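Worksheet: the structure to be examined is printed underneath.
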Amino acid sequence: MLVIPLLEVMAAGAVAGCLGALLGIGGGIFLVPFLNVVLGLDMKAAAGISLMTVIATSSIVSAGSANRGVINLRLGILLQIPAVAGGLIGAEGVESLSQKTLYMIFASVTGVIAAVMLTRLDRRNVILDVNIPSGQLGGQYFEQESGRPIVYQLRRLPTALGISFSGGVLSGLLGIGGGILQVPALNAWCGVPMRAAAATTAAMIGVTALGSAPIYYARGDVMAPAAAAAVIGVLVGSRAGMWMAPRARAKWLKILMAVVLAIVSGIYIYRSVTA
Amino acid sequence: MSTPTDLDERFLWVSRANVMLFGAAMVAGLVLHLASPYGVLSVRLLQAGLVLLMAAPALRILTAVAERIRRRDWVFVLMTAIVVVELGIVLWRAATR
């Protein structure tokens, strides 16, 4: 790969890492379309590189100090049980799907999630009385935005498990990490505040990606120079995202995520029609 | 309820060291690749970087579970053990391709 494409991949990795750390969705949702649409890599090669950046983003979030109080590790590891199984199924199953089918899946998933996010902008999922127990899988943290402690309970555990499995399958199929489903679903349906959902998912999404990445690597779908360039970009970009995360307003995080997803969905509707 | 603030602070250096290792291997591999595309050393460094990268999430959950064993949080340990078994199956599937 030439110097200029590698620099482009590095820059795309930086943007993906920043948005991924900020939104808790790993960044793959931004990188896969770039690699696929702009650089012309096929979906499996784009997914293989993207999975590496998802792991890198998650590793940096895990190794950093920011957001540590917000991460709900107990809930995160529970959700990895179905997510890793889904990741393996997705990575194995992608070989039997055409590019057009993958485009349609990509367009559908991003479009639905953008719509869900936009219809639930004002949902807070916060228990105002801090004396109410958060339960085995809930949590509490101090929110800088409002200057007070936040307590939340997990609701609809089967939904959270099912969504995590689906997120794992999508991660394996498309290389986008499972956070693309987990973050909005935990927030909209399971009672977890956006910031806790994003931080927990960002920390754990590397494990989901590990359910697929070794399969892609063994299959030869990870172009090492491009993957390294993307990961180095992510190393820089995710630091910026982590710095911005505690300072960003939850409502604007949701709007940003919905707008980006809607654009990606439009691109893939077009590609699935013209493929 | 989770108590994440001090959960695996003791092992944080492991995660940080691994990030520095895979980052350094990838930067060095990429620089060598640009100087001499697909040379033996650059390919080995890039592959080492990718393997170290893939080891990062596994290290993360192993260090977290070590802390939870110390705290006798057996439910967390059981959940993590299931994930570790699943990851073992993934590695086996990858190795037998």
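The values are calculated or read from the model by the stated rules, or taken from the named source; none is laboratory data. Just so it is clear, the model here is predicted, and its values are computed rather than measured. Quick reminder, even Gly has a Cβ in these numbers, built from the backbone with ideal geometry, and neighbours come from all protein chains shown.
If a residue has to be within 18 Å of residue A:59 (Cβ to Cβ), of a type in the set (A, V, I, L, M) and buried (at least 16 other Cβ atoms within 10 Å of the Cβ) to count, how many in segment B:31-55 make the cut? Show your work before the answer.
Narrowing segment B:31-55 to residues within 18 Å of residue A:59 (Cβ to Cβ): B:46-55.
Filter once more, so that each one left must be of a type in the set (A, V, I, L, M): B:46, B:48, B:50-55.
Now narrow it down to the ones that are buried (at least 16 other Cβ atoms within 10 Å of the Cβ): B:46, B:48, B:50, B:52-55.
Selection size over segment B:31-55: 7.
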Of residues in segment A:8-32 being under 23 Å from residue A:101 (Cα atoms) and modelled with pLDDT of 85 or more, the one surrounded by the most Cβ atoms within 10 Å (Cβ to Cβ): A:31
Unmet requirement for residue B:70, which otherwise passes all of (1) of a type in the set (Lys, Arg); (2) in contact with a helix residue (DSSP H, G or I) (Cβ under 6 Å, 6 or more places away or on another chain); (3) more than 7 Å from every other protein chain (Cβ to nearest Cβ): (2)
With respect to residue B:79, determine if the residue is facing chain A (nearest Cβ under 7 Å) and out of contact with any Cys (no Cβ under 9 Å at 6 or more places or on another chain). yes
Among residues of segment B:56-81 being more than 22 Å from residue A:202 (Cβ to Cβ) and of a type in the set (Val, Ile, Thr), the residue surrounded by the fewest Cβ atoms within 10 Å (Cβ to Cβ) is B:75
Out of A:212, A:166, report the one residue that is surrounded by fewer than 24 Cβ atoms within 10 Å (Cβ to Cβ), among the polar types (S, T, N, Q) and closer than 16 Å to residue A:86 by Cα. A:166
Return a yes/no flag: does segment B:36-47 have any residue that is closer than 24 Å to residue A:205 by Cβ and either over 9 Å from the mean Cα position of the chain (by Cα) or of a type in the set (Lys, Arg) (or both). yes
Within segment A:224-235, can one find any residue that is of a type outside the set (A, V, I, L, M), farther than 17 Å from residue A:17 by Cβ and out of contact with any Cys (no Cβ under 7 Å at 6 or more places or on another chain)? yes
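Examine segment A:86-109 for a residue that is among the small types (Gly, Ala, Ser), within 7 Å of another protein chain (Cβ to nearest Cβ) and over 16 Å from the mean Cα position of the chain (by Cα), and state whether such a residue exists.
Of the residues in segment A:86-109, the ones among the small types (Gly, Ala, Ser) are A:86-87, A:90-91, A:93, A:96, A:98, A:107-108.
With the extra rule that they be within 7 Å of another protein chain (Cβ to nearest Cβ), the set shrinks to none.
No; the residues of segment A:86-109 include none that is among the small types (Gly, Ala, Ser), within 7 Å of another protein chain (Cβ to nearest Cβ) and over 16 Å from the mean Cα position of the chain (by Cα).
Working carefully through the options A:205, A:180, A:255, find the one that is in a helix (DSSP H, G or I), modelled with pLDDT under 85 and under 21 Å from residue B:53 (Cβ atoms).
On the way: A:205 fails: modelled with pLDDT under 85; A:255 fails: under 21 Å from residue B:53 (Cβ atoms).
The conditions single out A:180.
Pick out the one residue from A:207, A:234, A:264 that is touching a Gly at 6+ places or on another chain (Cβ under 6 Å) and not polar (S, T, N, Q). Give the derivation first.
Values: A:207 fails: touching a Gly at 6+ places or on another chain (Cβ under 6 Å); A:264 fails: touching a Gly at 6+ places or on another chain (Cβ under 6 Å).
Testing whether each residue is touching a Gly at 6+ places or on another chain (Cβ under 6 Å) and not polar (S, T, N, Q) leaves just A:234.
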Here the qualifying pairs (Cβ atoms under 7 Å; residues six or more apart or on different chains; first in segment A:106-127 and closer than 20 Å to residue A:152 by Cβ; second among the hydrophobic types (A, V, I, L, M, F, W, C) and at pLDDT below 75) come out as A:126/A:150; A:127/A:151
